[in-house]
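**Student:** One structure, pasted below without further comment.
Coordinate-derived values only; no laboratory data. This one's a predicted model, so the numbers in the text were calculated from it and none came from an experiment. Here the Cβ positions follow ideal geometry from the backbone for every residue, glycine too, while neighbour counts run over all protein chains shown.
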Amino acid sequence: MITSQSESLFTRAQKSIPGGVNSPVRAFRSVGGKPLFIRRAWEAWLEDEDGNRYLDFINSWGPMILGHANSMIEEAIREALPASFSFGAPTVKEIEMAELICSMVPSVEMVRMVNSGTEATMAAIRLARGFTDREKIIKFEGCFHGHGDSFLIAAGSGVATLGIPGTPGVTKGTANDTLTAPFNDLPAVEALLLANSGNVAALIVEPVAGNMGLVLPQPGYLEGLRKLCDAHGALLIFDEVMTGFRLAPGGVQEITGVLPDLTTLGKIIGGGLPVGAYGGKREIMEHVAPLGPIYQSGTLSGNPLAMAAGLAMLRHLKSNPSIYASLESAGKHLAEGLRQTDKELGLNHCITQLGSMYTYFFTDREVLNFEDAKSCDTARFGAYFREMLNEGIYLAPSQFESLFFSTSLTTDLQDMFLSAHKKALKKVMVS
Ligand code: HOZ
């Protein structure tokens with residue numbers, strides 16, 4: 001495969017962009033090789049600057065649930081364009097978006113739009129701290145909530161991929177206010193709450209974790225977190241930036257019935273344009289300025305193009321709930337295929353899947369938390385990643401990420417993926 005255009009673009013990019021990329025996870029550092037520069041995408045496909053085509057399993061890290069360049073979303077953006085691109089003033093679309101989110105996400109009674117998942121999580125913990133008049137938060141090892149200072153401790157995603165233990169620039173005070181516990185371990189959370197009694201403002205958790213690979217909550221775990229929060233007066237925050245509207249119209253909280261106090265959302269509610277949001281119980285959200293004293297703002301928040309794209313996306317998902325059943329059956333088909341190949345090759349790797357998210361972990365250990373995920377053979381994953389790329393499959397360039405697929409991944413494409421996987425795996429398991 002010729003990638004000379006991407007290579008020379010990467011050389012050029014490194015002169016003016018740190019590491020040549022605008023987000024570290026794109027850099028291919030842990031898998032070897034150089035990042036590909038993408039010039040266009042449609043349905044399930046990406047095309048790089050050399051004209052190579054790949055089946056995309058990142059889907060912009062989640063939002064492209066209907067595939068790339070979906071015509072309905074494109075049309076909504078086109079329609080909104082002539083009315084200008086940003087006003088910094090209220091619009092009807094923002095109300096429609098807020099009403100739609102409140103109607104779809106079970107625990108959300110009021111919602112504030114922001115521009116990214118990072119902004120949403122930062123605002124949510126500020127709100128939790130202001131509301132409870134407490135300073136500490138609990139996060140979970142291997143979970144990732146964007147790059148806000150409070151969240152870079154024991155973080156997943158790019159932080160885990162690059163093996164950055166703690167980010168210089170985060171003050172000791174901030175780091176001390178973030179307590180961490182292993183995912184899926186209720187006694188550890190209870191111990192932290194007891195040791196910091198009256199000081200924990202909130203627990204923030206990805207209810208289905210996607211930033212250490214896909215790690216599912218064990219039965220009773222989310223219910224247990226809810227009970228612990230209630231018993232200790234801490235707020236429960238679900239970070240559904242990746243799972244919201246992707247696993248169900250109302251996210252993990254709809255699937256499990258466990259309702260958080262606050263929810264953070266992102267990506268998908270802009271149909272792929274830059275968006276985030278946080279919302280929750282009215283009595284808590286009423287503390288946000290200008291209604292209450294907890295300040296948070298943004299010139300581009302509720303941007304009209306992003307709202308137009310997001311409304312088209314969410315309305316479509318709301319009126320076509322059967323999408324989720326077909327994504328789940330495609331996910332089951334992929335997971336079954338991966339297991340079947342393992343069986344044929346005498347392997348027993350951990351495979352997790354829920355709806356249109358999955359991870360193939362290079363470990364035999366059941367992955368229930370970050371320690372388990374770290375037992376993966378990441379060098380082998382790197383070799384597999386490169387083989388898959390040669391086969392025309394574009395995976396996340398890290399073992400510590402969930403993969404995402406869209407409604408554009410037809411049965412034929414699923415089977416194409418599975419045969420590429422088998423070929424790649426055969427090569428890397430014998431080497
Ligand atoms: N939060 C995304 C999934 N781990 C990563 C996207 C990024 O950091 O660029």
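**Student:** Would the stretch 143-183 count as rounded, prolate or oblate if I go by the C-alpha gyration tensor, calling it rounded below 1.5 in a/c and otherwise prolate when a/b exceeds b/c, oblate otherwise? Each step should come with its number before you reach the end.
**Tutor:** Working: a/c = 1.79, a/b = 1.23, b/c = 1.45.
Verdict is oblate for the stretch 143-183.
**Student:** Additional query: Are any of the pairs LYS139/LYS281; LYS15/LYS426; LYS34/LYS427 more than 28 Å apart by Cα-Cα distance, and if so, which? If you can, show how the numbers build up before the last one.
**Tutor:** Values: LYS139/LYS281 21 Å; LYS15/LYS426 38 Å; LYS34/LYS427 21 Å.
Those over the limit are LYS15/LYS426.
**Student:** Sticking with this one: Suppose we keep just the DSSP beta bridges with both residues in the chain; what percent of those would be antiparallel, to 5?
**Tutor:** Working: 25 of 44 bridges.
Bridges in the chain are about 55 percent antiparallel.
**Student:** Still on this structure: How big is the Kirkwood radius of the stretch 54-200, worked out from every pair of different alpha carbons and given in Å to one decimal?
**Tutor:** Working: mean 1/r = 0.0537 Å⁻¹.
18.6 Å is the Kirkwood radius here.
**Student:** Can you compute the charge dipole magnitude of the stretch 273-431 about its Cα centre, using +1 on each Lys and Arg Cβ and -1 on each Asp and Glu Cβ, nothing else charged? Give it in debye, rounded to the nearest 20. It would help to have the intermediate numbers written out before the result.
**Tutor:** Working: 15 positive and 16 negative charges, 41 e Å.
The dipole magnitude comes to about 200 debye.
**Student:** A further question on this structure: Rounded to the nearest 0.05, what FRET efficiency do LYS423 and ALA191 have when you use their Cβ-Cβ distance and R0 = 41 Å?
**Tutor:** On the way: r = 47 Å, r/R0 = 1.15.
Rounded to the nearest 0.05, the efficiency is 0.30.
**Student:** Among all helices in the chain defined by DSSP H, which have a length of 27 Å or more along the axis from Cα atoms plus a Kyte-Doolittle mean of at least -1.0? Numbers along the way, then the final one.
**Tutor:** Working: long enough: 322-344 (33 Å, -0.73); 411-430 (29 Å, -0.04).
Span-like helices, by this rule, are 322-344, 411-430.
**Student:** Once you have all Cα-Cα distances for the stretch 147-244, histogram them in 5 Å bins from zero and send the whole-percent values.
**Tutor:** For the stretch 147-244, the pair-distance distribution reads 2, 12, 22, 24, 21, 14, 4, 0.
**Student:** Averaged over all directions, how much area does the convex hull of the C-alpha atoms of the stretch 241-294 cover when projected, in nm²?
**Tutor:** Details: hull surface 16.9 nm².
Mean orientational projected area (the stretch 241-294, Cα hull): 4.2 nm².
**Student:** Of the peptides 231-237, 7-13, how do they stack up when ordered by the mean number of other Cβ atoms within 10 Å, highest first?
**Tutor:** Numbers: 231-237: 21.1, 7-13: 15.4.
So the peptides 231-237, 7-13, ranked by packing, come out 231-237, 7-13.
**Student:** While we're on this one: Quick one: what do you get for the stretch 308-431 if you divide its Cα Rg by 2.2 N^0.38 Å?
**Tutor:** Working: Rg = 15.6 Å, N = 124, 2.2 N^0.38 = 13.7 Å.
Computed over Cα atoms of the stretch 308-431, the ratio equals 1.13.
**Student:** Let me make sure I get this right: for the stretch 191-345, a, b and c are the square roots of the gyration tensor eigenvalues over alpha carbons, sorted descending. Under 1.5 in a/c it's rounded, otherwise prolate if a/b > b/c, else oblate. Which is it? Write out the running numbers ahead of the final one.
**Tutor:** Working: a/c = 2.36, a/b = 1.20, b/c = 1.97.
Here the stretch 191-345 falls in the oblate category.
**Student:** Let me ask something else about it. With a ≥ b ≥ c the root eigenvalues of the C-alpha gyration tensor of the stretch 312-358, is it rounded (a/c under 1.5), prolate (a/b larger than b/c) or oblate? Don't skip to the end; give the middle numbers.
**Tutor:** On the way: a/c = 5.44, a/b = 3.50, b/c = 1.55.
Because a/c hits 1.5 or more and a/b exceeds b/c, the stretch 312-358 counts as prolate.
**Student:** Okay, moving on. Need the full-extension length gain, PHE85 to THR11, defined as separation in residues times 0.36 nm minus the C-alpha distance. One decimal, nm.
**Tutor:** Working: separation 74, 0.36 × 74 = 26.64 nm, distance 3.31 nm.
Length gained, PHE85 through THR11: 23.3 nm.
**Student:** Moving on. Considering the dipole of the stretch 1-77 built from charges on the beta carbon (Lys and Arg +1, Asp and Glu -1) around the Cα centre, which of GLY33, SER6, ASN59 is farthest to its positive end?
**Tutor:** Going by the Cα projections, it comes out as GLY33.
**Student:** With each run of n ≥ 4 DSSP H residues scored as -39500 (n - 2.57), what mean residue ellipticity at 222 nm is computed for the chain after dividing by its residue count and rounding to the nearest 500 deg cm²/dmol?
**Tutor:** Working: 15 runs with 171 residues, N = 431.
My calculation for the chain gives -12000 deg cm²/dmol from helical runs alone.
**Student:** Where nothing but the Cβ of Lys and Arg (+1) and of Asp and Glu (-1) is charged, how large is the charge dipole of the stretch 28-161 around its Cα centre, in debye to the nearest 20? Numbers along the way, then the final one.
**Tutor:** On the way: 13 positive and 18 negative charges, 102 e Å.
With only Lys, Arg, Asp and Glu charged at Cβ, the dipole is about 480 debye.
**Student:** Considering the convex hull of the alpha carbon atoms of the stretch 344-408, report its projected area averaged over all viewing directions, in nm², one decimal.
**Tutor:** 5.1 nm²
**Student:** As I understand it, the dipole of the stretch 294-430 uses +1 on the Cβ of Lys and Arg and -1 on the Cβ of Asp and Glu, about the Cα centre. Which of ASN348, GLY382, LEU327 lies farthest toward its positive end?
**Tutor:** So the residue furthest toward the plus end is LEU327.
**Student:** Once the Cα atoms of the chain are picked out, what are the Rg and Dmax in Å?
**Tutor:** When restricted to Cα atoms, the chain yields Rg and Dmax of 21.1, 63 Å.
**Student:** Based on Cβ point charges of +1 for Lys and Arg and -1 for Asp and Glu, what charge dipole magnitude is obtained for the stretch 203-341 about its Cα centre, in debye rounded to the nearest 20?
**Tutor:** On the way: 10 positive and 11 negative charges, 62 e Å.
Magnitude of the dipole: close to 300 debye.
**Student:** At a threshold of 8 angstrom on Cα-Cα distance, excluding pairs fewer than six apart, so keeping six or more, what relative contact order does the chain reach in percent?
**Tutor:** Values: 859 pairs, mean separation 97.3, N = 431.
RCO, the chain: 23 percent.
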